[in-house]
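Heads up: the structure comes next, in structure tokens.
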Amino acid sequence: MFLTVTKALLEGFGTTVELFLLTLVFALPLGLIVSFGSMSKIKPIKWLVRTFVWIIRGTPLMLQLIIVFYVPGFIGMWAREQETTNMFIQFLASWKVMDRFVAALVAFAINYACYFSEIYRGGIESISKGQYEACSVLGMSKPQAFFHVVLLQVIKRIIPPMSNEIITLVKDTSLARMISVYEVIWSGEAFIKSEGLLWPLFYTGAFFLVGCGILTIIFNRIEKKLSYFSV
Amino acid sequence: MSILEVKDLTKSFGSTKVLKGISFSLEEGKVLSIIGSSGSGKTTLLRCINGLETATAGKITVNEKVVFDSNITDKKELKALKHNQQNIGLVFQQFNLFPQYTALSNVTLAMKLAAKKRPDYKHNKKAILEEIDATAKKFLDKVGLSDKLNNYPCELSGGQQQRVSIARALAMNPQILFFDEPTSALDPELTGEILKTIRQLAEDNMTMVIVTHEMNFAKDVSDEVIFMDDGVIAEHGTPEEVLVNPKNPRTRAFLNTYEK
Ligand SMILES: Nc1ncnc2c1ncn2[C@@H]1O[C@H](COP(=O)(O)OP(=O)(O)OP(=O)(O)O)[C@@H](O)[C@H]1O
Ligand SMILES: [Mg+2]
């Protein structure tokens, strides 16, 4: 029985890990772009981006999941009912209900990009103006100053809040079951219904503990690696 | 021929006039000290000359090359002027070293990035980088830090950090080196080593402009002294004229606050 459960849970956990990793792959760079937007000198861009971040951070991830999953399908349905030659509406008509996993990924990536962007912004804004000025006086360009001087200092500053947020993401992936993504808790819960077994549920907890434990070790390593300088 | 010429320079932040028409020039190899009370615009003047701040009006010439002219409005031309600004070095009050780089790398970083644009960079990469390292070591040696090449800023005293930043500025081979209160962020017992370094540079005929509150130092290192008061040059002359026998009552009042 133990083997059967382990196999079932591993399958669910595979989806969890996949969702987790893919969310990071998209949200980490997207967050940087969003943070640049929220610091933009062009006021309309800045306020548009900040309002978007405010909405995403101010509403439950669960709601965002459901919206991302259902809304495109509904728009497509509405568009198909229209009798029009409008190219845009015809394009909308091609929208079908999203794949569950893709919908979850989109919602998670957008949500976490917004959280990450605020951490990036805090980190970037905390670097003293003097660093940029020293670069400028030495004839470096702005991108050179950012990538060769500022970035590593920002990374050092944001590692603690980022590790918090990323560990929260591990656990948040379980929300994906809201739109029927077969993740690890679901696979554990299935045994209550089918076999009347409770322990697989606790077993799923062990998967999360191990996952978060590994991440904690990785982040401690990075922190140690960057401890040779102080910002 | 003067290496630095500042003409009718003004600078306002919003409606506050900070510089109200500054004109002076400096000969090559001379040391100019700028003194004046807090808020008189000394830092702003330095920042305008270095291009960290854009002046409102006036003209600045370095080694006969215009680096700022408020009559030029064409964006492309202005950009070209910025390029001439690279002949000016600046040492900050707060050092502004790059914390993640060693003393040596702090000095080499800008040179190595600039070297990438050289057409022969790909072929001669190794030789070019070695040459840059050698240059950096020469300047760190000059400021007495050849035993700290591989230390990070957080492992150095304030005085040592400031000397690294001086080496970093020197390595760019500036025609004029500016200092903005280079000893103000240091404990009194550490100011001596910085002043000694600057004295050595003066002996090597480095052209320097030094904003300082160290009156005795200004007296014996400078060829000229400017006393700034409320955005204008209130007095300009030899250290003897300005610091010992000032004509302007404002200068006298200012110097009196230092006697105590
Ligand atoms: N970025 C800025 N925005 C608005 N006002 C500024 C700015 N920078 C400087 N000022 C104002 O300009 C005036 C001159 O400042 P500045 O720093 O040049 O004086 P300073 O002579 O260097 O003084 P200190 O001896 O204290 O360093 C001050 O009143 C200051 O408040
Ligand atoms: Mg100042």
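The values are calculated or read from the model by the stated rules, or taken from the named source; none is laboratory data. From a predicted model like this one, the values you see are computed outputs, not experimental measurements. Don't worry about glycine lacking a Cβ; one is built from the backbone with ideal geometry, like all the others, and counts go over all protein chains shown. The area values use the complete protein model at the heavy-atom level, side chains included, leaving out ligands, DNA and RNA. Shrake-Rupley method; radii C 1.70, N 1.55, O 1.52, S 1.80 Å.
Among the residues of the range B:21-41, which ones are open to solvent by 10 Å² or more (accessible area, probe 1.4 Å) and either under 20 Å from B:GLU241 (Cα atoms) or more than 11 Å from ligand 1 (Cβ to nearest atom) (or both)? Hits for the range B:21-41 are B:GLY21, B:SER23, B:PHE24, B:SER25, B:GLU27, B:GLU28, B:GLY29, B:LYS30, B:SER37. Figure legend. Inter-residue proximity from the range B:77-88: first residues under 21 Å from B:MET111 (Cα atoms), second residues open to solvent by 90 Å² or more (accessible area, probe 1.4 Å), beta-carbon distance below 8 Å, spacing 6+ or different chains. Indicated pairs: B:ASN84/B:LYS65; B:ASN87/B:LYS65. Scanning the range B:136-157 for residues that are surrounded by fewer than 17 Cβ atoms within 10 Å (Cβ to Cβ) and within 14 Å of chain A (Cβ to nearest Cβ), which turns out farthest from B:GLU193 (Cα to Cα)? Taking the candidates together, the pick is B:ASN150.
Within 16 Å of ligand 2 (Cβ to nearest atom), β-branched (Val, Ile, Thr) and away from chain A (no Cβ under 14 Å): does that describe B:ILE60? It would help to see each step written out before you state the result.
On the way: within 16 Å of ligand 2 (Cβ to nearest atom): no; β-branched (Val, Ile, Thr): yes; away from chain A (no Cβ under 14 Å): yes.
It is false that B:ILE60 is within 16 Å of ligand 2 (Cβ to nearest atom), β-branched (Val, Ile, Thr) and away from chain A (no Cβ under 14 Å).
Here A:THR173 fits the description: closer than 21 Å to A:ARG57 by Cβ and either away from chain B (no Cβ under 14 Å) or not charged (D, E, K, R) (or both). Only a single item in (1) within 14 Å of another protein chain (Cβ to nearest Cβ); (2) at positive phi; (3) within 16 Å of ligand 2 (Cβ to nearest atom) is not met by B:GLY41, and it is number (1).
Which ones in the range A:75-99 are among the β-branched types (Val, Ile, Thr) and surrounded by fewer than 13 Cβ atoms within 10 Å (Cβ to Cβ)? Working first, answer last.
At the first step, the residues of the range A:75-99 found to be among the β-branched types (Val, Ile, Thr) are A:75, A:84-85, A:89, A:97.
If the condition is that a residue be among the β-branched types (Val, Ile, Thr) and surrounded by fewer than 13 Cβ atoms within 10 Å (Cβ to Cβ), then A:THR84, A:THR85 are the ones that fit.
Out of A:PHE74, A:PHE26, A:PHE88, A:PHE52, one residue alone is in a helix (DSSP H, G or I), in contact (Cβ under 8 Å) with a residue 60 or more places away in the chain and over 14 Å from the mean Cα position of the chain (by Cα). It is A:PHE52. The set of residues in the range A:134-182 that are free of Cβ contacts under 8 Å to residues at least 40 places away in the same chain and over 26 Å from B:GLY89 (Cα atoms) comprises A:VAL154, A:ILE158, A:ASN164, A:THR168, A:ARG177.
Return yes when B:LEU45 is at pLDDT 95 or above and assigned to a helix (DSSP H, G or I) and no when it is not. Criteria met by B:LEU45. Screening A:TYR228 with (1) open to solvent by less than 40 Å² (accessible area, probe 1.4 Å); (2) at pLDDT below 95; (3) not β-branched (Val, Ile, Thr) gives one miss only, at (1).
Could you please give the count of residues in the range B:44-57 that are surrounded by 15 or more Cβ atoms within 10 Å (Cβ to Cβ), away from ligand 2 (no atom under 14 Å from the Cβ) and of a type in the set (S, T, N, Q)?
The initial filter retains those residues of the range B:44-57 that are surrounded by 15 or more Cβ atoms within 10 Å (Cβ to Cβ), namely B:44-53, B:55-57.
Now restrict to residues that are away from ligand 2 (no atom under 14 Å from the Cβ): B:51, B:55-57.
If we keep only those that are of a type in the set (S, T, N, Q) as well, we get B:56.
Matching residues across the range B:44-57 total 1.
The combined condition, being open to solvent by less than 40 Å² (accessible area, probe 1.4 Å) and either within 16 Å of ligand 1 (Cβ to nearest atom) or more than 14 Å from chain A (Cβ to nearest Cβ) (or both), is not fulfilled by B:LEU78.
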